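Please read the structure below before turning to the comments.
The values are calculated or read from the model by the stated rules, or taken from the named source; none is laboratory data. No experiment lies behind these values; they were computed from the predicted model shown. Note that we place each Cβ from the backbone using ideal geometry, even for glycine, and neighbour counts take in every protein chain shown. Note: areas computed on protein heavy atoms with side chains; ligands, DNA, RNA excluded. Shrake-Rupley method; radii C 1.70, N 1.55, O 1.52, S 1.80 Å.
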Amino acid sequence: MVDARLRRPDFLTRRSLGVLASSVILLAACGQASNSGSSISAASAQSASDVGGMSSLVSAAKKEGQLNVIALPPDWANYGAVISGFTAKYGIKVNSANPNGSSQDEVTAVQQLGKTSRAPDVLDVGMAVALANTSLFAPYKVQTWNDILDAQKEPTGIWYQDYGGYMSIGYDSAKVPTISSIQDLMGTAFKGKVALNGDPTKANAALNGVMMASLANGGSLDDISKGVDFFHQLNVKHNFVPVQATTATVKNGTTPVVFDWDYLSAAHGKDVPSWKVFVPNNAVLGGYYAQAINKNAPHPAAARLWEEYLYSDEGQNLWLKGLARPVRMAAMQKSGKIDATAAAALPPVSGTPVFLSADQATKASAYLAANWAQAIK
Amino acid sequence: MSAAASTAIQRVGRPVGGGRRLPVSWIGAVPFFGYVALFLLLPTLIVVVGAFFSDSGLTLSNLTGLQKDFIVSAFVNSVILSATSALIGAVGGAILAYAVATGNPSGSFRRLVLSACGVLAQFGGVTLAFAFIATIGQAGFLTLWLQQHVVDIYAGGVWLYQLKGLVLVYAYFQIPLMVLVFLPALDGIRPQWREATESLGGRTWHYWRYVAGPLLAPAFIGATLLLFANAFSAYATAYALINQGAIIAPLQIGNDLTSEVGLHQPGLAKAEALVMVVIVTVVMTLYALLQRRTAKWLQ
Amino acid sequence: MSAVRARRLKLRIFRWIVFLVLGAFFLVPIGAMFEFSTRGVGEAAPRTLDAFVTIGQYPDLVGAIVNSLELAAITSMGMLLLLVPTMIWVKLRLPGISRVVEFICLLPLTIPAIVLVAGLGPIYLWIALNVSDSILTLAFAYLILVLPYTYRALYAGLAAIDVKTLSEAARGLGAGWGTVMWRVIAPNMSGALLNAALLSVAVVLGEFTIANLLNYVNLQVEVAQLGRANAAVSIAVAVASLLFVFVLLVLLSFVGRTRSHRLRGAQ
């Protein structure tokens, strides 16, 4: 839901795109592409060829010199290495804001910061937020566009999925017994130890956690009620704790069992060497995030170069090192460009992965809105 | 001196004769009101007006949406939490402030305690929550020691992640805040008042009931009101401790503003903020009545 | 005489008990944080100060600290210049609107910061496009944020002195309003002024939400960013930030020293 006050930036951007488009035409008519002309055309470029090829894009981006990103914590899918890799390769400074922000925070920042120089250039959001805010994005197709499956991208390039993983149960094997099935969590050994990564009426990861529990308990992608019942039972037994799970609470033993995406869970291994990740074989629930470029990006060339970097073999392999599954993984395995050691380190998964469709996600969140608070009271 | 002085004093005194004086008096308040109008009243207005809008324009649906059970109970929980936390903070803080005020006024101990209060009054969020988790969480050292030697304090569930836990954790910043805002009033107590009471035959009880009490009451009640509002709008600490279920109003607002699963309802969040302003206005009115009543019977 | 001595002894015992009990309540959780931040990785790992050492290696931290310090200075100066004369003026000349001023000074606390940013957003958009993009523009919002706390501290200070008599006496001797406020009333409420300044500095240095949601990087935002490195660093940087603000406030408290020293001697 976007309220009336927030519609104003949309109106402004439509007008400003008109101004940009007409100035591009004027400059082209003059037969001269000035220095500022290349970054103006970068704002409406829909692929690298529109600006005259990769090298033009790189020089335009270097001229801009900066990139604003938002909600990219360094320990999330190895984004720390991705950011420093980008800066090392192109010399462009990356300003990383609001590291703990949610996907919705990213969109709110885009709306609130409008055309200022601190507005986010690029976004990495969950699918629900991406689908709800397509009017804020500029279409762009990276050079490796064809490697992305049709189901994982928007045909005109408004959004495109980037990396994903499977919902898992991460646990400290030194503090709790080995988990081989989700029902193990009902045991007395898990009293006061199980946490979700966020509230499912708020956070995408938590909603998928409850859905995974539902699948593992006989529910389906259309029926999240079994998952809610599972957590209700867990709460009645005092096994479930509502505290926010952070790296500190995991290390200190307050939340030794956490439902989270497998690549996020694996990051805890840095602090807790005995951390293990378990994906139930009858409930392999996958989820991908999506990339998008802000229509009003203050650094449009740098934003597009960033996307090219992310979808290059180098960028995709860096995500793989963070134990996330990059969207071009199948294509890279075929071409042999995949980082084999990193691919081998991925948590083993048996069973067919399933994905929530947009409608199923909406249905699930409606059910949660009505029933979650009561279930874990 | 007398003629010049008395006319000068008359000039400074209460606005006599109304009309001609008032505009001049009001000029002194303009800088403050002007600044506040731009940076406080305008944003508040934007939020309050936003409560009456949704994608489809002007609507009352946000206000009617407030009637849901879990939203009403969130507000009730918030009021109970804030009132309890304010009282505990006020009493604890007043005691600590008294202990500080009766010490050496230019000593270094007082300086250290005041600076510590300054730091702790603003300490909150995830790190404060973790400080308590590390002490009396399920794996906190105090919990483990108690479990081994005295009793399992979490036999019936972990109360740290419920309202009672929040009251305890909130005391951590409420007490120092009370010290900082109430201490100046305690500093104003003169030893002569005590001596005067004793020379008139009064004991400690008479001193507090008839002399110091009435003089300190307005500052004390006002500070308690501040503590109430402080606890009422506190968000980050509660978010870290009770991440599920949005049981108090600020958490409910947070959910409605930043939900990334399609439950993003900024209009509803603004309506909830409007209710928060209304509740604090009501409490402020009660406070004003209480001030007037206390002033009367304490005279 | 012995009644007085007995009372003094009771007071001493009372003070000792209060400081011990509350001191334990406040210091133990911080001790637990410090203990956690010195843990190594793995169950049997030895204690280490690595977490604190890594803090020093982050280049962005210094910039964030400088930003926050500048904001703290601007905000407390602005608060004192705006609020003290207004409160004195209202007390003397416009007592009828003191309740309105009180309500306005409580309003920033009634709305959680996450919603207040929704209201401040359009205003800051205008400022960023027309005035300045600098992080120092946050001072406008911070001045509003400190109003509730500083109003209370100043109120308590004003209530303890007889403002009317002091100002009438000074005006009667020919003083202008500036002299009355700066040289007559302010020294008499120096304790309250100092407390208000301490509160402002602490609020600004501890402020996270508004800076974060407006995409600025102040001290607390940088602390949150650093905290994503690993568990021990996230707590170490919080402890370091607390210590830093504490030391700063202690230093600041020396500013008010000579004045009150002089006054007490005069009494």
### Task
Work out from phi, with θ = phi - 60° and the Karplus expression 6.51 cos²θ - 1.76 cosθ + 1.60, the ³J(HN,Hα) of each residue of segment A:161-169, listed in order in whole Hz, and give x for Gly and Pro.
6, 10, 8, x, x, 10, 5, 9, 10
### Task
Give A:Lys93/A:Lys295; A:Lys191/A:Lys270; A:Lys226/A:Lys377 a once-over and call out the pairs whose C-alpha atoms are over 23 Å from each other.
A:Lys191/A:Lys270
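Determine the percent antiparallel among the DSSP beta bridges restricted to the protein assembly as shown, to the nearest 5.
Bridges in the protein assembly as shown that DSSP calls antiparallel: roughly 70 percent.
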### Query
With axes computed from alpha carbons, what is the tilt in degrees of helix A:35-44 against the longest principal axis of chain A, rounded to the nearest 10 within 0 to 90?
40 degrees
### Task
Give me the accessible area buried between chains C and B, both sides summed, with a 1.4 Å probe, in Å² rounded to the nearest 100.
8000 Å²
### Task
Could you sort out which of A:Lys193/A:Lys363; A:Lys175/B:Lys164; A:Lys175/A:Lys202; A:Lys193/A:Lys251; A:Lys62/A:Lys337; A:Lys115/A:Lys202 sit more than 21 Å apart by Cα distance in this structure?
A:Lys193/A:Lys363; A:Lys175/B:Lys164; A:Lys175/A:Lys202; A:Lys62/A:Lys337; A:Lys115/A:Lys202
#### Entry: Charge dipole magnitude, Cβ of K and R +1, D and E -1 - segment C:1-46, Cα centre, debye nearest 20
720 debye
### Task
Using the heavy atoms of the protein chains and a 1.4 angstrom probe, tell me the accessible area per residue for segment C:132-267 in square angstrom.
36 Å²
### Query
Ordered by residue, what ³J(HN,Hα) values in Hz, to whole numbers, does segment A:185-193 give under the Karplus form 6.51 cos²θ - 1.76 cosθ + 1.60, where θ = phi - 60° and Gly and Pro are x?
5, 7, x, 5, 5, 9, 5, x, 10
### Top positive-direction residue, dipole computed over the protein assembly as shown with Cβ charges, set C:Leu205, A:Asn252, A:Ala77
C:Leu205
### Task
Using a 1.4 Å probe over the heavy atoms of the protein chains, calculate the carbon and sulfur portion of the accessible area of the protein assembly as shown as a whole percent.
64 percent
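Counting only heavy atoms of the protein chains, get the accessible area per residue of segment C:1-86 (1.4 Å probe) and round it to a whole Å² value.
61 Å²
With a cut-off of 8 Å between alpha carbons and a minimum separation of six or more residues, what is the relative contact order of chain A in percent?
24 percent
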### Query
Quick one: Karplus J couplings for segment C:145-156, per residue in order, coefficients 6.51, -1.76, 1.60, θ = phi - 60°, nearest Hz, x for Gly and Pro?
5, 7, 3, x, 6, 5, 4, 4, 5, 5, 4, 4
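Quick one: dipole size for the protein assembly as shown, taken about the Cα centre, charges +1 on Lys/Arg Cβ and -1 on Asp/Glu Cβ, in debye to the nearest 20.
Details: 67 positive and 48 negative charges, 899 e Å.
So the magnitude is around 4320 debye.
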#### Entry: Cα Rg over Rh - segment B:51-204, Kirkwood
1.15
### Query
If amide H atoms are built 1.01 Å from N in the plane of the peptide, which residues on other chains or at least 5 residues away come under 5 Å of the amide H of A:Asn95?
A:Leu67, A:Asn68, A:Val69
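Give me the summed buried accessible area for the C-A pair, 1.4 Å probe, to the nearest 100 Å².
Protein heavy atoms only, the C-A interface buries about 2500 Å².
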### Message
For a quick check: with amide H placed at 1.01 Å from N, whose amide H comes under 5 Å from B:Ser54's, ignoring anything fewer than 5 positions away on the same chain?
### Response
A:Ala4, B:Thr59
### Task
Report the charge-dipole magnitude of chain A in Debye, nearest 20, computed about the Cα centre from +1 at each Lys and Arg Cβ and -1 at each Asp and Glu Cβ.
580 debye
### Task
Could you work out how far apart the two model spin labels at B:Leu60 and B:Trp205 are, taking each label as a point 7 Å from the Cα in the direction of the beta carbon, and quote it in nm?
5.6 nm
### Query
Can you list residues whose amide H is under 5 Å from A:Lys141's amide H, if they're 5+ apart or on another chain and H is modeled 1.01 Å from N?
A:Ser47
### Query
Could you give the angle, 0 to 90 degrees to the nearest 10, between helix C:98-110's Cα long axis and the longest principal axis of the Cα atoms of chain C?
0 degrees
### Query
On average, how much accessible surface per residue is there in segment B:140-299, in Å², for a 1.4 Å probe, leaving out ligands, DNA and RNA?
39 Å²
### Summary
Ordered by number, the residues of segment B:177-209 with at least 50 Å² less accessible area in the assembly than alone (1.4 Å probe) are B:Leu180, B:Val181, B:Pro184
### Query
Which value, in square angstrom to the nearest 100, describes the accessible area buried between chains A and B on both sides, using a 1.4 angstrom probe?
3500 Å²
### Message
Counting only helical runs of four or more DSSP H residues, what would the 222 nm mean residue ellipticity of the protein assembly as shown come to if each run contributes -39,500 (n - 2.57) and the total is spread over all its residues?
### Response
-19500 deg cm²/dmol
### Task
Compute the acute angle (0 to 90°) between the alpha-carbon long axis of helix C:59-93 and the principal axis of greatest extent of the alpha-carbon atoms of chain C; round to the nearest 10°.
20 degrees
